[in-house]
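See below for the structure under consideration.
None of the figures in this text is laboratory data; all of them are computed from the coordinates on show. These numbers come from a predicted model, not from an experiment. Note that each Cβ is placed from the backbone with ideal geometry, even for glycine, and that neighbours are counted across all protein chains shown.
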Amino acid sequence: MESVEELKEISGVYLVRLKEHGDDRGRFVETFRRTWIPGAREMLQANRSDSRAGTLRGMHYHLFQADYWNLVSGRAVAGLYDFRASSPTTGASATIELADDIGLYIPAGVAHGFFAVTDATMTYLVDQVYDGTDELGFRYDDPALQIDWPSGEPIVSNRDQTAPMLAQVEVENRPE
């Protein structure tokens, strides 16, 4: 790891600049260590997402689960929205260009999505085993989010296309 910095825009989100070690054989990159992220819990599950260029996944959030993203190949833009009522940055949004030398820690309650600028492969670690009841979301294109996605007509799942607008999320599904 080269450096870890908390985003100014959203409290508890950490950007990790990864360090590459290369030689004639190729390269090695340590992509995650729990001690890099203040207060991070043990990661329990690893996942991989392969996205075609132009795909937009999001906006998703969890009440209990934190994510740690690492883009393995391609280029993508992450969109974040602090949906936590108790956060000092509640209602703040941020966009981050992702590359294979960046890790992104997203705490529970921060909504997240990404747009694949090119074909992209992302691995992500989570600190909870998958539970469909903690898989929540709202519309990626809601103007209230103030997220500046790359232009164009994104490829979006039916679930994400029909998600409620932010203001329509039921009170019991809002993070503390």
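If you go through region 84-127 and keep only what is touching an Asp or Glu at 6+ places or on another chain (Cβ under 7 Å), part of a loop (DSSP other than H, G, I, E, B) and more than 20 Å from Ile10 (Cβ to Cβ), you end up with just Asp101.
Selection of region 134-176 for residues being exposed (fewer than 13 other Cβ atoms within 10 Å of the Cβ), closer than 15 Å to Ala78 by Cα and either touching a residue at least 24 places away in the same chain (Cβ under 8 Å) or touching a strand residue (DSSP E or B) at 6+ places or on another chain (Cβ under 9 Å) (or both) yields only Asp148.
Identification of strands (runs of 3 or more DSSP E) wholly contained in region 1-51 with 3 or more residues that are surrounded by 14 or more Cβ atoms within 10 Å (Cβ to Cβ) yields 14-17.
Filtered by the rule that a residue be without any contact (Cβ under 8 Å) to a residue 40 or more places away in the chain and charged (D, E, K, R), region 3-18 gives Glu5, Glu6, Lys8. Please determine whether any residue of region 66-81 is assigned to a loop (DSSP other than H, G, I, E, B), closer than 29 Å to Pro164 by Cβ and touching a strand residue (DSSP E or B) at 6+ places or on another chain (Cβ under 7 Å). Yes: region 66-81 contains one or more residues that are assigned to a loop (DSSP other than H, G, I, E, B), closer than 29 Å to Pro164 by Cβ and touching a strand residue (DSSP E or B) at 6+ places or on another chain (Cβ under 7 Å). Quick one: is Thr55 within 18 Å of Leu166 (Cα to Cα) and touching a strand residue (DSSP E or B) at 6+ places or on another chain (Cβ under 8 Å)? Here the answer is no, as Thr55 does not meet what is asked. Looking across region 90-125 at every residue that is surrounded by 22 or more Cβ atoms within 10 Å (Cβ to Cβ) and aliphatic (A, V, I, L, M), the one that is farthest from Arg52 (Cα to Cα) is identified as Val110.
Only one entry in Ala163, Ala144, Ala167 is under 23 Å from Leu63 (Cβ atoms) and in a loop (DSSP other than H, G, I, E, B), namely Ala163.
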